[in-house]
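Scroll down for the structure; my scribbles are underneath it.
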Amino acid sequence: MSPLNKRLPRDLIHNLGKYLGIFLLFLFAIAMGSGYLSAAHSIEVIQGEMHERHRVEDFHFVTQFEAAKSSLEAIEAMGCTIYEDFTADVPLAFAGESRDMNCRLIDQDKRREVNRGYYFEGRAPAADNEIALDRMFCKNHDLHVGATVSINGHEATMVGICSLSDYECLMEKNTDMIFNSTTFTIGLVTPEGMQAMAGGKRDYRYDGVLNDRTMDLVARTSFERDMADLLADKGEVLTDLVDYEFDNKAIFFATDDVSGDQVMWQVLVGLLVVIMAFVFVVLTNATIEQESAVIGTLLASGYRKREIIGHYMVLPTLIGVLGCVAGNALGLTYMSTPMQELYYGSYSLPPYEFSFSPQVFVYTTVVPFVLLEVVTLVGLMRKLRFTPLAFLRREIASRSRRNTLALPERLSFVRRFQLRVFLRNLSHFVVLFFGISFCSLFLLFGLCLMPLVEHYAQMLSQDVVANHIYFLKAPLELEGTPEQRASYAAVERLMETDDPLSDLGFIGYARVLLRTMDLDEDAHPVNTTDNGESAIAQAEKFSAASFEVPHVITDSSEEITVYGIEQDSRYWSEVDVSGGAVVVGAGLAEKCRIKPGDTVTLTDKYTNKVYELMATSVWGSSANMNIYMDRAALNRMVDEEEDNFAGYASDEELVIDQRYLAIDVTPDSMGSTADQMQESFGDMMDMVVAFAIPVYLILVYLLTKTVIDRSSRYISYMKVFGYQDGEINRLYVRAITTTVMVSLVASLPFVIWLVRFFVSFAMDRYSGNLEIYIEPMLLVRVVAIGAAAYAVVALAHMWHIRRVSLSEALKVQE
Amino acid sequence: MAQRAFLSIRDLTKSYGDGEARTQVLKGISTDIEHGEICVLFGPSGSGKSTFLNMVGGLEPADSGSIYVGDTDICQLRDRELVEYRRRELGFIFQFYNLVPDLTVRENIEVCQYLSRNPLPVDDLLNSLGLWEHRGKFPNQISGGQQQRCAIGRALVKNPSLLLCDEPTGALDYHTSKEILELMERVNREYHSTMVIVTHNDAIRHMSHHILRLRDGALSEDVLNDQLLPAAELTW
């Protein structure tokens, strides 16, 4: 063994800060990278297996009313099995929670062959007053097995905590921007429980499993279109048709989120690795410069270059290996749970099982390690191209013209000295600038998301023009005579009853039947409750239709709603749709780059019919993803009767028959989006900030320490000349401080640009347009955190300067 | 044909720079230094002393001429062979010692012991150099003279046939310098190593077998000294 290696432990101790910094940088990058990416990979594997393991549907559809058996048989003949899976959305309440909450009741017997569930705690319901609720919902509300909840006014005991394979994420509606595990849950009940808790209220959902489950997306969506046509031919009215992979957010949202996040993390880890590479270059060069005379002597004494390279490679290699091992150990053990929680804290996934990914290992461990080795090796080889004499004469540092730049004499000596320090270390400071930018990016990214979401929720609320926007499953008139209301009440009664003859008795049944005889089959149904003249007068009908609008950058599309409104609307008073005008929401205009005069292409995903509209103006907030046009014009466009409508805008609360009511949108309900996003991103963002601060400390410390180290002899001279520590700090530390502070501020435009890029990237898969709004106060916080972290580094430098001994100047003169 | 001297230099030239800035540092130097000789090289600053020493050490290439060390013309050697030459034949002693700061005295000597096929025993060297008591100390814990002794030990341990010394006493006071010169004299006597010493100290000529003086890149003096004085009797 080379005797030179005896100096390795001493070098390690002597340069502990440097090596500890490299080690910690490795540790953090690998622990975060491998911890996160391994967890994400394992979750992806779990998700990948779900389709077969839990027999997740290939598609489902919802009909306006119960589909005829013959219709279902006709579709099954096309090559699939259809499972009846009626659901009912009912109000849920429990002690200590005042928010309006919605529980989607699902008959557990219907989930034995398709979209199977799994229990985390407790058992399946066995009585009609028992229910099992979703794990995420229970977690968010601290609900435990044995809790009593009120379902649609019926008291029920929660006997199980479960998840359903087609509700990996609790997406209440497919058009929702984000899932909602705070005010929405699924509830598994027995068939009797369903009847008891939901009454006659049903959403007629049918789950489909193809005979050929290997069918690709194109073939499958084509199959589904044919199926929709067939259902229409059979007289069924489809209100929803969802392919599991193409557009079922409750299934693919989590998968997309995991894979989308992985790309983002890979980019961030990649960026960190590049920054690390630069740091290694700077450190290697600094080491060689520092050791110049020793290397020269060794070369002059007959040491071969490869022996010297081998010697200088030992410690970085050792530190790299240690960092990789410790980083992986930390990432796969301690960090694993918080990383899993990023998803298990948001999604209702099956129990976690670790799966090793060679790609993750290569990306998070092999690549940084090889990079360290290659960068150090190339740096050493590049420097060792100099002759032994050049080393002996210390002529290996680049003699740039900037080092001999004449500085104006009007500047004070201190200023000129500080400038010299800056110029001499310019390459270090350039790397420092990028290092600081990188950490500021992390900080700002971590800090900005929550205010951004709040801002988004505010914007969403602004676009809800009435206190209530009631969406209906089918047109339902509010205005009607008492006789009409009585007739429709009779129909409702019949719909809610499985066996009317025995339930109502012969006379009762006959009476109900007689009432239904008065129905005008060509007219719209009438609401059974009379909301009163004034309430009905202020309510305004609108029509609505969903379409897909293509995104500009990616090969994806945005599901939007086209509203057909009155020309003199009291609610959309600012929206002028007269004369065939088409008004585009500002969010949609921004996201899909639509300007007035542009043609907007709308696709009906169920019929594949394409419509083209010319945008005449833009209206609304940056979150508005709608298009507005005249109601009659929209109805004509989609081949509906001119007086067709999809709902009511109303400032007064209305009582609407449950079987017809799809959803009641209020300005307050928009707040739940923000709540959910905060709930699901909060931990992740805290982690990003927690990661950024130590990386910032290490990077700044490593890069600025080299400045102090390479100046230590001159610092020693200063001491010999009689300078006090404070004065030396002023010359050196203040030069560094100024550079760090200038970098912190100057990097902000670059950082903001990067944050915009990353946030747009991260949010691309979400519906809606999240305006990237960065409060100036956040920038102040980023600079303040950066400055506070640097203060710690500066203290370390001052301590270091105090320790530079006079003997350095006196003994090793050259 | 007469036998060639151990170190035989013929018509050695070296210049730096191009065009008008070209400076000829060595202008056809020729001399012979026998095995076991102490050869001292004087000359004012800029006369080419260090360049001469570097070229003999294989650290700088010659423009023309030859440098025979034994039977090998080192001017014809490739870089890799020059490394081998330095590894096997040479010991270097520098004015500023150039010790590895985080190796002890003993370990600094071992650095070059490692390179030799036939090294001298380190313990003997430490004793003989008066460094035994300081063998566990680091360079910054010992005096300049002790550091130079250590550097001499490091050069000697390889048992080199040629020791090249660049101002070995240049950074030392009078007494320490005398001690070092006595040590070098003893090394020469005990180990029969050939020494080329570049120095400004004129007194050293009295302890040297061979005296060279460079002036403007040419040898102005090349004489043998048959009236040697022991280093202990030198004064300046």
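Do we have A:Lys18 as crowded, with 21+ Cβ neighbours inside 10 Å and either within 14 Å of chain B (Cβ to nearest Cβ) or over 24 Å from A:Pro368 (Cα atoms) (or both) here? Considered against the rule, which asks whether it is crowded, with 21+ Cβ neighbours inside 10 Å and either within 14 Å of chain B (Cβ to nearest Cβ) or over 24 Å from A:Pro368 (Cα atoms) (or both), A:Lys18 comes out as yes.
On inspection, B:Cys75 fails the criterion of being hydrophobic (A, V, I, L, M, F, W, C), more than 14 Å from every other protein chain (Cβ to nearest Cβ) and closer than 24 Å to B:His192 by Cβ.
Here B:Val157 clears all of (1) within 14 Å of another protein chain (Cβ to nearest Cβ); (2) surrounded by fewer than 23 Cβ atoms within 10 Å (Cβ to Cβ); (3) touching a Pro at 6+ places or on another chain (Cβ under 8 Å) except the condition numbered (2). Is at least one residue of the range B:88-97 farther than 24 Å from B:Glu182 by Cα, open to solvent by 20 Å² or more (accessible area, probe 1.4 Å) and within 9 Å of chain A (Cβ to nearest Cβ)? Yes, the range B:88-97 contains at least one residue that is farther than 24 Å from B:Glu182 by Cα, open to solvent by 20 Å² or more (accessible area, probe 1.4 Å) and within 9 Å of chain A (Cβ to nearest Cβ).
Scanning the range A:707-727 for residues that are modelled with pLDDT under 75 and part of a loop (DSSP other than H, G, I, E, B) returns A:Gly722, A:Tyr723. Per the conditions (1) surrounded by fewer than 20 Cβ atoms within 10 Å (Cβ to Cβ); (2) modelled with pLDDT under 90, the sole criterion not satisfied by A:Ala250 is (1).
Cβ-Cβ contacts under 6 Å between residues 6 or more apart (or on different chains), taken from a first residue in the range A:631-654 that is more than 21 Å from A:Gln64 (Cα to Cα) to a second residue that is among the polar types (S, T, N, Q) and open to solvent by 40 Å² or more (accessible area, probe 1.4 Å), are listed as A:Asp651/A:Asn467. Only one of the numbered conditions (1) touching a Leu at 6+ places or on another chain (Cβ under 9 Å); (2) surrounded by fewer than 17 Cβ atoms within 10 Å (Cβ to Cβ); (3) within 13 Å of another protein chain (Cβ to nearest Cβ) is violated by B:Val111, and that is (2). When A:Asn102 is tested against (1) open to solvent by less than 20 Å² (accessible area, probe 1.4 Å); (2) closer than 23 Å to A:Asn174 by Cβ; (3) not assigned by TED's automatic domain parsing to the domain that holds A:Leu299, only condition (1) is not met.
Evaluation of B:Val83 against the conditions (1) open to solvent by less than 20 Å² (accessible area, probe 1.4 Å); (2) within 14 Å of chain A (Cβ to nearest Cβ); (3) in contact with a Lys or Arg (Cβ under 8 Å, 6 or more places away or on another chain) shows that the sole unmet condition is (1).
Going by the conditions given, is A:Gly193 more than 30 Å from A:Gly48 (Cβ to Cβ) and open to solvent by 10 Å² or more (accessible area, probe 1.4 Å)? Criteria not met by A:Gly193. When B:Leu125, B:Leu131, B:Leu103, B:Leu120 are screened for being more than 12 Å from chain A (Cβ to nearest Cβ), at pLDDT below 90, open to solvent by less than 10 Å² (accessible area, probe 1.4 Å) and in contact with a helix residue (DSSP H, G or I) (Cβ under 8 Å, 6 or more places away or on another chain), only B:Leu125 passes.
Within the option set B:Thr31, B:Thr23, B:Thr13, B:Thr51, being without any contact (Cβ under 8 Å) to a residue 12 or more places away in the chain and not aliphatic (A, V, I, L, M) holds for one residue only, B:Thr23.
For every residue, the table says whether it meets (1) in a helix (DSSP H, G or I); (2) open to solvent by 10 Å² or more (accessible area, probe 1.4 Å); (3) in contact (Cβ under 8 Å) with a residue 60 or more places away in the chain; (4) charged (D, E, K, R).
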residue: A:Thr284; (1), (2), (3), (4): yes, yes, yes, no
residue: A:Met313; (1), (2), (3), (4): yes, yes, yes, no
residue: A:Gly331; (1), (2), (3), (4): yes, no, yes, no
residue: A:Met339; (1), (2), (3), (4): yes, no, yes, no
residue: A:Ser346; (1), (2), (3), (4): no, no, yes, no
residue: A:Val362; (1), (2), (3), (4): yes, yes, no, no
residue: A:Val366; (1), (2), (3), (4): yes, yes, no, no
residue: A:Leu371; (1), (2), (3), (4): yes, yes, yes, no
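Only a single criterion out of (1) in contact (Cβ under 8 Å) with a residue 12 or more places away in the chain; (2) open to solvent by 10 Å² or more (accessible area, probe 1.4 Å) is not satisfied by A:Lys6, namely (1). In the range A:199-211, the residues that are in a loop (DSSP other than H, G, I, E, B) reach residues that are charged (D, E, K, R) with C-beta atoms within less than 7 angstrom, at least six apart or across chains, in these pairs: A:Gly199/A:Glu496; A:Gly200/A:Glu496; A:Lys201/A:Arg659. For the range A:395-417, the set of residues classified as modelled with pLDDT under 75 and either farther than 30 Å from A:Glu307 by Cβ or within 14 Å of chain B (Cβ to nearest Cβ) (or both) consists of A:Glu395, A:Ser400, A:Arg401, A:Arg402, A:Asn403, A:Thr404, A:Leu405, A:Ala406, A:Leu407, A:Glu409, A:Phe413, listed by residue number.
Of the strands (runs of 3 or more DSSP E) lying entirely inside the range A:88-185, those containing at least 3 residues that are closer than 25 Å to A:Tyr352 by Cα span A:117-122, A:130-134, A:154-164.
Could you please find all residues in the range A:647-680 being open to solvent by less than 20 Å² (accessible area, probe 1.4 Å) and modelled with pLDDT of 90 or more? Result: A:Gly647, A:Tyr648, A:Ala649, A:Ser650, A:Leu654.
Return yes when A:Ala623 is of a type in the set (A, V, I, L, M) and touching a residue at least 60 places away in the same chain (Cβ under 8 Å) and no when it is not.
Taking the combined requirement at face value, the residue satisfies it.
Which of the residues belonging to the range A:225-235 are in a helix (DSSP H, G or I) and either over 14 Å from A:Glu76 (Cβ atoms) or open to solvent by 20 Å² or more (accessible area, probe 1.4 Å) (or both)? Once the filter is applied, which keeps residues that are in a helix (DSSP H, G or I) and either over 14 Å from A:Glu76 (Cβ atoms) or open to solvent by 20 Å² or more (accessible area, probe 1.4 Å) (or both), the range A:225-235 yields A:Arg225, A:Asp226, A:Ala228, A:Asp229, A:Leu230, A:Ala232, A:Asp233.
Taking the listed residues B:Asp226, B:Asp173, B:Asp216, the one that is over 22 Å from B:Phe92 (Cβ atoms) and either within 14 Å of chain A (Cβ to nearest Cβ) or open to solvent by less than 10 Å² (accessible area, probe 1.4 Å) (or both) is B:Asp173, with no other qualifying.
Looking only at the range A:289-311, decide whether some residue is within 14 Å of another protein chain (Cβ to nearest Cβ), in contact with a helix residue (DSSP H, G or I) (Cβ under 7 Å, 6 or more places away or on another chain), more than 19 Å from A:Phe369 (Cα to Cα) and open to solvent by 40 Å² or more (accessible area, probe 1.4 Å). There is at least one residue in the range A:289-311 that is within 14 Å of another protein chain (Cβ to nearest Cβ), in contact with a helix residue (DSSP H, G or I) (Cβ under 7 Å, 6 or more places away or on another chain), more than 19 Å from A:Phe369 (Cα to Cα) and open to solvent by 40 Å² or more (accessible area, probe 1.4 Å).
Among the residues of the range A:1-55, those that are assigned to a helix (DSSP H, G or I) and small (Gly, Ala, Ser) comprise A:Gly17, A:Gly21, A:Ala29, A:Ala31, A:Gly33, A:Ser34, A:Gly35, A:Ser38, A:Ala39, A:Ala40, A:Ser42, A:Gly48.
Touching a helix residue (DSSP H, G or I) at 6+ places or on another chain (Cβ under 6 Å), away from chain B (no Cβ under 14 Å) and assigned to a helix (DSSP H, G or I): which single residue out of A:Val273, A:Val263 fits that description? Lay out the reasoning, then the answer.
Working: A:Val263 fails: touching a helix residue (DSSP H, G or I) at 6+ places or on another chain (Cβ under 6 Å).
Checking each option against the conditions leaves just A:Val273.
The values are calculated or read from the model by the stated rules, or taken from the named source; none is laboratory data. Model, not experiment: these values are computed from the prediction. Note that we place each Cβ from the backbone using ideal geometry, even for glycine, and neighbour counts take in every protein chain shown. Keep in mind that these areas ignore ligands, DNA and RNA; they rest on the heavy atoms of the full protein, side chains included. Shrake-Rupley method; radii C 1.70, N 1.55, O 1.52, S 1.80 Å.
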